[in-house]
1. Quick check on my filter: what residues within the range 11-23 are surrounded by fewer than 19 Cβ atoms within 10 Å (Cβ to Cβ) and touching a residue at least 40 places away in the same chain (Cβ under 8 Å)?
2. Are any residues in the range 30-55 in contact (Cβ under 8 Å) with a residue 40 or more places away in the chain, closer than 17 Å to Asn90 by Cα and under 14 Å from the mean Cα position of the chain (by Cα), and if so, which ones?
3. Take the residues in the range 24-65 that are of a type in the set (A, V, I, L, M) and open to solvent by 40 Å² or more (accessible area, probe 1.4 Å); name whichever of them is farthest from Leu108 (Cα to Cα).
4. If you check Tyr103 against the conditions, is it surrounded by 14 or more Cβ atoms within 10 Å (Cβ to Cβ) and at pLDDT below 95?
5. Pull out all pairs, ordered by first then second residue, where Cβ-Cβ is under 8 Å, the residues are six or more apart or on different chains, the first lies in the range 92-112 and is more than 20 Å from Leu17 (Cβ to Cβ), and the second is part of a loop (DSSP other than H, G, I, E, B) and open to solvent by 50 Å² or more (accessible area, probe 1.4 Å).
6. So which of Val75, Val63 ends up being at pLDDT below 90 and touching a Phe, Trp or Tyr at 6+ places or on another chain (Cβ under 8 Å)?
7. So Glu98 passes all but one of these: (1) modelled with pLDDT of 95 or more; (2) charged (D, E, K, R); (3) not in a loop (DSSP other than H, G, I, E, B). Which condition number does it fail?
8. Determine, yes or no, whether Glu126 is closer than 23 Å to Gln32 by Cα, assigned to a strand (DSSP E or B) and more than 16 Å from the chain's Cα centre (by Cα).
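The values are calculated or read from the model by the stated rules, or taken from the named source; none is laboratory data. Quantities reported herein were computed from a predicted structural model and do not represent experimental measurements. Glycine gets a Cβ as well: all are built from the backbone with ideal geometry, and neighbour counts include every protein chain shown. Keep in mind that these areas ignore ligands, DNA and RNA; they rest on the heavy atoms of the full protein, side chains included. Shrake-Rupley method; radii C 1.70, N 1.55, O 1.52, S 1.80 Å.
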Amino acid sequence: KLIMSLLPIVKWPNPLLKEKSEPVKVVDESIQKFMKDMYDTMIHENGIGLAAVQVGELKRILVIHIQDNERYDDVEGNTDISTEPFFVVNPKIVKESEEYIIYKEGCLSFPGQFANVKRHNEITVEYLDFNGEKQEVHATGILSICLQHEIDHLNGIRFIDHLSPLKRSMLLKKLKKQGIN
């Protein structure tokens, strides 16, 4: 069994959060250990999704685990909430619905801040799984929201980049007040 370790979360205003992540060439044991460490870190921080850039690595990797939580009961299409960790390498959105959903998102890199973000209600994503096998997932509801949020991170886009300039500056002022900068 691999020994897990917690990784430090990269927080705003770290410029790394605006960087684009590089594709993973091969899913080997070191990548698998890194994904397990990312997963442990995300669970420890009470997150439901985490991109590699959020722990300082510009790799196209994300982990998701949406535990059954009353916070997500109001999102339609939550049939795909799974008890299993979801490991995603080199994700690519190949299909997006024309319908949108607005959801109050938060982010471990912006502690304690939440804002309504408009996302596609359904997406289809091609990716490599924990073992490097090619997979495809059709995601709806909270899984769709979470995948889009984390894939944005891989492209250097933060959830605050979806907000109006006024809402974004208000949220960042709140973060500064908390002494996070």
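1. Matches in the range 11-23: Lys11, Pro13, Asn14, Leu16, Lys18, Glu19, Lys20, Pro23.
2. Residues satisfying the conditions are Met35, Tyr39, Gly49, Leu50, Ala51, Ala52, Val53, Gln54, Val55.
3. Taking the candidates together, the pick is Val26.
4. For Tyr103, the condition - surrounded by 14 or more Cβ atoms within 10 Å (Cβ to Cβ) and at pLDDT below 95 - is met.
5. Close Cβ pairs (under 8 Å, with a partner that is part of a loop (DSSP other than H, G, I, E, B) and open to solvent by 50 Å² or more (accessible area, probe 1.4 Å)) amount to Ile101/Glu76.
6. Val75
7. (3)
8. So Glu126 does not fit the description; no.
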